[in-house]
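Take a look at the structure set out below.
The values are calculated or read from the model by the stated rules, or taken from the named source; none is laboratory data. Worth saying up front: this structure is predicted, and the values here are computed from it rather than measured. Backbone-built Cβ (ideal geometry, glycine too); neighbour counts: all protein chains shown. These area figures cover heavy atoms from the full protein model, side chains too; ligands, DNA and RNA do not enter into them. Shrake-Rupley method; radii C 1.70, N 1.55, O 1.52, S 1.80 Å.
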Amino acid sequence: MALPQQLRDESDFDQLPHNIPVSATIADIEEKKGFIDYFMFVIEVRTKGGSKYLIYRRYREFFNLHQIFESKYSPEDPQRPGPNTCILPNLPGKVFVGNKREIAESRIPELNTYMKKLLGLPTWFLLDEALRMFFYQTDQDSQHQPRALRRLRPPTRKVKTVKPNMDLFSSPRAEAMFDFRGNSKAELNLKRGEVIFLLRRVNADWLEGTVNNQTGIFPESFVKIIKPLPDSDSEGEGGGHTYSCLRCLLLTPSGVDTRDVCVQEDLTIQPTYKDLVSRMRNVFQKDDIALNYRDHEGDLIRILDDDDVLLMIKESRGQQGKVKRPVNQFPWEIHVTLASDLSVYNTEP
């Protein structure tokens, strides 16, 4: 005699590994100042074995995951699903216009519902490799310290914020010697004569500090150090964000404009072509541009899509060790040209 469906499902669930995710809840959102500014969802995951951990995911990763599931499990006829198909929950759609923070906040209840229904699908679905990798806590997830977990706190709990007494005259600080305008939200805007309180050193050329209730990074060459950072903070050990720097060069008939762009991204990240174009347009304040990189022979190669970005990164890894760079600088560089200027590709003498 066949077991009832409910008992059969419970038996299958009991046989699942203890590290299988069974529930997930968004605890907060965090702004990331990468090649483009975006928000990540801080997600608390619970496993069948009772363990809990945090992961950090973008909406883009939800969208890509859902596309994988649709191609693998969506039935041709929703009214008559097959044995290896299931009705997937609805994922909130993309939003192209609006305030990014407001969009992220509005997605929280919808994404919570989506994850609840997703992890409530048949037991065999929970073993899907793409699902398990999405909810898997990577090394980068485990090393990230959440800024806040607003949605995990009980509503009645009051969090008291105590501002430390800061002895301004004993704090590491610097004076701005020139005006500096940041290229992104990660960078401070400085005016000559302002005093910046130093938090840590990002690399050999950049510092992180606070001025006018704003925290960000800025080039050391624009300031005069009044009191230096202690040795423990001199190499970026102050517990702040991890910045990586990208060397960008705008090639024009009149010369080369070189910029170092610092972003809150790991050196191993593979940015999208779209994100790189958007960031370079913002840095150089030009719309009609083309992105390029130099291959191992020194020739300028045009970047047209994500596959070209991947090829650039792979080639740069093969050149590591041959070119000396700071430890937190990307091993690849972006050479920006005007889209209409083809003279830069002429390698003949």
Seminar exercise, completed: Picking from Asp141, Asp233, the residue that is within 30 Å of Phe41 (Cα to Cα), touching a strand residue (DSSP E or B) at 6+ places or on another chain (Cβ under 7 Å) and modelled with pLDDT of 85 or more would be Asp141
Exercise. When the residues of region 178-216 are filtered to those that are among the basic types (Lys, Arg) and touching a residue at least 12 places away in the same chain (Cβ under 8 Å), which remaining residue is most open to solvent (accessible area, probe 1.4 Å)?
Worked result: Arg192
Exercise. With respect to Phe69, is the statement that it is more than 30 Å from Glu187 (Cβ to Cβ), within 29 Å of the chain's Cα centre (by Cα), among the hydrophobic types (A, V, I, L, M, F, W, C) and not in a loop (DSSP other than H, G, I, E, B) true?
Worked result: yes
For this session: For region 56-105, name all the residues that are β-branched (Val, Ile, Thr) and open to solvent by 90 Å² or more (accessible area, probe 1.4 Å).
Result: Ile87, Val97
Problem set entry | Yes/no for Arg132 being closer than 15 Å to Glu61 by Cβ and either open to solvent by 90 Å² or more (accessible area, probe 1.4 Å) or in contact (Cβ under 8 Å) with a residue 40 or more places away in the chain (or both) | yes
Exercise. Pick from region 43-55 the residues that are at pLDDT 90 or above and surrounded by 15 or more Cβ atoms within 10 Å (Cβ to Cβ): which of them is nearest to the chain's Cα centre (by Cα)?
Worked result: Ile55
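With respect to Ile87, determine if the residue is part of a helix (DSSP H, G or I) and either over 28 Å from the mean Cα position of the chain (by Cα) or at pLDDT 85 or above (or both).
no
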Problem set entry | Ile108 in a strand (DSSP E or B), in contact with a helix residue (DSSP H, G or I) (Cβ under 8 Å, 6 or more places away or on another chain), within 26 Å of Arg147 (Cβ to Cβ) and of a type outside the set (Gly, Ala, Ser) | no
For this session: State the number of residues belonging to region 251-274 that are at pLDDT below 85, assigned to a strand (DSSP E or B) and hydrophobic (A, V, I, L, M, F, W, C).
Result: 3
